[in-house]
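Readers should treat all values here as calculations from the given coordinates under stated rules, not as data from a laboratory. Keep in mind the model is a prediction, meaning the values are calculated, not measured. Positions of Cβ are generated from backbone atoms using ideal geometry, with glycine treated the same way; all protein chains shown enter the neighbour counts.
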Amino acid sequence: MQTLVFNTTERTVEVLNENADILYRYSNVPTVKVMDGFYEVIQEEKLIKYPVLRVPIANTNMTIIK
């Protein structure tokens, strides 16, 4: 099981494995979309938004930090 940590104030996302090791780290993340069966991390650069990561909901816990 992995954990996706979305910090809405800092606009960052970290994906941690079961040992709390960081697998992925993204900045400039305005949102994480809940799609059909997965979470989609959206990154923003110069007013252009694009997906950078999809992780399955089935084996991912998501924590939202304000």
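Summary table below
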{"item": "Relative contact order for the chain, counting Cα pairs under 8 Å that sit 6 or more residues apart, in percent", "result": "34 percent"}
{"item": "Dipole magnitude (debye, nearest 20) for the chain, charges at Cβ of Lys, Arg, Asp, Glu", "result": "220 debye"}
{"item": "Given charges at Cβ of Lys, Arg, Asp, Glu: the chain dipole, positive-most of 17, 2, 64", "result": "64"}
{"item": "Average projection area in nm² (convex hull over Cα atoms of the chain, one quarter of hull surface)", "result": "4.2 nm²"}
{"item": "Spatially proximal aspartates and glutamates relative to residue 66 (Cα-Cα < 17 Å; intrachain offsets below 8 disregarded)", "result": "10, 14"}
